[in-house]
Every structure is written in C-alpha cells, then in structure tokens.
Amino acid sequence: MFYSIRHITRFRYSNPVRESVMELKMQPRSEGAQALRSFQIATNPRAQLYAYTDHFGNAVYHFNVLREHSELRIEAQSVIEVKEMIALPAAVDPLEWQRYNSLNLKAEHYDLMGPSEFARSSPELAKFAKEHDIEKPQGDTLTALKRLNAAIYEAFDYEPGVTQVHSPIEHALGSGRGVCQDFAHIMIAIARSWGVPARYVSGYLYHRRQDHDRSSEDATHAWVETYLPSYGWIGFDPTNNIMAGERHIRVAIGRDYADVPPTRGIFKGDAESELAVAVTVEPTTAPLRHEEFLRVARPMPSSDERNRPAELHYFQQQQQQQQ
C-alpha cells in the first residue's frame with residue numbers, strides 16, 4: 001500500500017516577530033514494513049533547513065527565520081510504502097513473561113521501562129488500574145496487553161480540547177475524556193508498571209469509513225509500541241482499540257510525547273501566537289523510480305552512422321545539450 005501525506009502547520013502572530021527558531025519531527029521512518037519513498041519540507045518565509053538523527057533514530061530538521069514575519073507556514077509532503085505485516089498469533093507462550101531479563105533486554109529497553117515526563121505512576125493511575133482490574137497482567141503477555149488496550153478504550157470518551165498538549169495524565173483520568181496522546185501515556189505507564197518496555201509513537205492514521213475510528217481524520221495520531229522478547233515491538237492503538245497495522249504510519253518514537261512533538265520552537269517578539277494544523281493521508285500509486293523518468297533524447301547511432309567523422313558526433317552532442 002502506498003500513502004501520500006500532506007502535513008501543514010501554520011503559526012500566526014498578533015504582531016510581527018523578529019525571529020523564529022523551529023525544530024521539526026515530520027519525516028516518516030523507514031524501517032520494518034514501512035519504507036519512505038519521498039519527502040520534502042517547504043517553509044514560508046523560506047529558510048535553510050538542517051537535519052540530524054536523534055538517539056531514537058528519528059529524523060530531526062531545524063531552521064531559523066531571521067527576518068520579521070507575521071506568519072510562519074511549514075508544509076511537509078511524504079510518500080510512504082507499507083507492506084503487509086506478519087500476522088501475530090492469538091496468544092503467545094506464557095513463558096514470555098520470564099524472558100524480560102538481562103539476556104533478552106538491552107539498555108534501550110530499560111530506558112523505556114521507567115517513568116518519563118508524561119508516562120508515570122500516580123495515585124490516580126493506581127486507582128484507575130484497580131477499578132478496571134488491570135493492576136496486574138492476566139494471561140500471557142500479548143493477551144494482557146490486548147486487554148489493557150481494550151480497557152482504556154472502553155473507559156474513556158474521545159473528546160478533543162478537553163486536555164492540552166502538555167496536560168498530565170491525571171486530567172484525562174479525572175474527567176474520563178481525552179485524546180490519543182492521553183490514552184497512549186496511560187497505556188505506557190501501566191505496561192511499564194508490569195515490567196514491559198513501552199514507547200510512544202507519533203505518526204498518522206489512514207481513516208476508512210468502514211473502520212469507524214474515533215481519532216480525528218485531519219490530525220496527527222499517537223499510539224503505543226510494547227516489546228515482546230520473542231516478537232519484537234508490537235503496536236497497540238488504545239484510541240481505537242485496534243492493533244497498529246498497515247494503516248498506521250510511524251514518524252517518531254520516544255519515551256512519551258515530550259520526545260516527539262512534530263514542531264517545537266520559540267520566537268522573539270511581543271506577540272501572541274495561533275497554531276493551525278491540517279493533515280491529509282490518502283492512498284496513492286507507487287512513485288516512479290528515477291529510471292522511469294528518463295527518456296531517450298538521442299538514440300544510439302546505427303552502425304553506418306558510427307562510421308562518420310568524429311567531429312559530427314561532437315556537433316550532435318552539443319546541439320542536443322542546447323535544446
């Protein structure tokens with residue numbers, strides 16, 4: 001399956017600002033069943049982009065706008081190929097729990113087992129886990145995580161605007177409402193309390209009418225990946241009570257949202273800012289390979305033509321270059 005993704009971010013300022021410094025995490029990852037086929041970023045005002053890869057393997061772009069401006073627009077366009085994923089069994093070996101040990105886990109896994117800025121334990125979280133009988137895992141590892149995924153889906157209403165980007169999980173736990181970011185943080189915190197490495201995934205979800213997804217179609221999405229020693233990283237989407245699959249497009253991973261915001265920046269100036277975002281994810285055809293763009297501009301000469309003076313060959317070549 002190929003997807004075309006367009007992600008537009010617009011900042012407007014109540015007064016002109018003198019400078020903007022921005023960091024972006026918008027480039028989809030290329031690994032596993034997902035392959036990045038094309039990617040480009042355009043900014044207005046135009047700016048020189050610089051890039052590096054962080055310690056999670058995320059592509060990070062950054063730029064400065066050094067002249068006065070009242071609006072900053074960022075547009076990222078991608079084409080992604082997602083191949084069919086290997087089907088998981090209905091359940092896994094009960095001994096999988098015993099494989100969470102130093103023989104099967106690396107430093108990167110232990111970093112995803114402790115508390116982080118947004119995914120951490122609290123009295124409210126402990127109360128929630130007790131009320132929904134998910135304090136301790138029941139059954140094999142995969143079954144327990146599926147049950148946790150479903151419990152969060154059933155316990156919360158999806159309602160944008162109830163929580164903010166930096167809201168702690170206690171806000172969603174207290175109101176019983178939230179968005180994908182809140183549900184992902186709650187699932188991560190509980191999975192880690194079970195001793196399961198869990199990480200936050202920021203990306204996109206392709207919506208189809210027949211799937212009845214709760215998440216917003218015109219926004220970025222977030223879900224969870226947990227580590228099973230015998231199977232690797234497995235994705236769960238508690239917002240929609242599904243396993244992450246071919247419709248989920250991964251952009252960045254981290255301990256929680258603090259590691260993966262699509263945009264992070266500051267500006268100089270006495271102004272208020274307004275943020276607007278638009279996301280479209282659509283199926284597309286396979287992009288052309290570079291070789292398919294080529295056309296023959298000068299055919300190979302026949303054997304008779306190859307016997308002509310070398311000067312004529314040179315003239316033809318120069319003539320073609322000037323067309």
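The values are calculated or read from the model by the stated rules, or taken from the named source; none is laboratory data. Computed from a prediction, not measured in an experiment: that's the story for all the values here. For neighbour counting, all protein chains shown are included, and Cβ atoms are generated from backbone atoms with ideal geometry for every residue, glycine included.
This table checks each residue for (1) among the hydroxyl-bearing types (Ser, Thr, Tyr); (2) surrounded by 15 or more Cβ atoms within 10 Å (Cβ to Cβ).
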{"position": "Glu81", "(1), (2)": "no, yes"}
{"position": "Pro94", "(1), (2)": "no, no"}
{"position": "Tyr100", "(1), (2)": "yes, yes"}
{"position": "Leu105", "(1), (2)": "no, yes"}
{"position": "Glu108", "(1), (2)": "no, no"}
{"position": "Ala119", "(1), (2)": "no, yes"}
{"position": "Ala129", "(1), (2)": "no, yes"}
{"position": "Pro137", "(1), (2)": "no, yes"}
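Mind checking which residues of region 8-53 are more than 27 Å from Glu84 (Cβ to Cβ), surrounded by 14 or more Cβ atoms within 10 Å (Cβ to Cβ) and touching an Asp or Glu at 6+ places or on another chain (Cβ under 6 Å)?
Ile8, Arg12, Arg18
Just one of Ile5, Ile86 is among the aliphatic types (A, V, I, L, M), crowded, with 18+ Cβ neighbours inside 10 Å and at negative phi; which is it?
Ile5
In this structure, does Asp237 turn out to be assigned by TED's automatic domain parsing to the domain that holds Tyr13 and either surrounded by fewer than 20 Cβ atoms within 10 Å (Cβ to Cβ) or touching a residue at least 24 places away in the same chain (Cβ under 8 Å) (or both)?
Criteria not met by Asp237.
Among the residues that make up region 130-138, is at least one of them touching a residue at least 24 places away in the same chain (Cβ under 8 Å), in the same structural domain as Val224 (by TED's automatic domain parsing) and among the basic types (Lys, Arg)?
For region 130-138, residues touching a residue at least 24 places away in the same chain (Cβ under 8 Å), in the same structural domain as Val224 (by TED's automatic domain parsing) and among the basic types (Lys, Arg): present.
Of all residues in region 59-79 being surrounded by 16 or more Cβ atoms within 10 Å (Cβ to Cβ) and small (Gly, Ala, Ser), which is farthest from Gly269 (Cα to Cα)?
Checking each candidate, the answer is Ser78.
Against the definition (under 21 Å from Gln34 (Cβ atoms), assigned to a strand (DSSP E or B) and out of contact with any helix residue (DSSP H, G or I) (no Cβ under 7 Å at 6 or more places or on another chain)), how does Ala252 come out, yes or no? Please lay out each step first, then the result.
Details: under 21 Å from Gln34 (Cβ atoms): yes; assigned to a strand (DSSP E or B): yes; out of contact with any helix residue (DSSP H, G or I) (no Cβ under 7 Å at 6 or more places or on another chain): yes.
Here the answer is yes, as Ala252 does meet what is asked.
Would you be able to say whether some residue in region 32-42 is in the same structural domain as Lys268 (by TED's automatic domain parsing), within 13 Å of Pro262 (Cα to Cα), modelled with pLDDT of 95 or more and outside any loop (DSSP other than H, G, I, E, B)?
yes
Does Phe56 satisfy the criteria of being assigned to a strand (DSSP E or B), among the aromatic types (Phe, Trp, Tyr), in the same structural domain as Lys268 (by TED's automatic domain parsing) and surrounded by 14 or more Cβ atoms within 10 Å (Cβ to Cβ)? Steps first, please.
Working: assigned to a strand (DSSP E or B): no; among the aromatic types (Phe, Trp, Tyr): yes; in the same structural domain as Lys268 (by TED's automatic domain parsing): yes; surrounded by 14 or more Cβ atoms within 10 Å (Cβ to Cβ): yes.
The answer is no for Phe56.
Would you mind stating whether Val79 is farther than 28 Å from Gln27 by Cβ, in contact (Cβ under 8 Å) with a residue 12 or more places away in the chain and of a type in the set (A, V, I, L, M)?
Here the answer is no, as Val79 does not meet what is asked.
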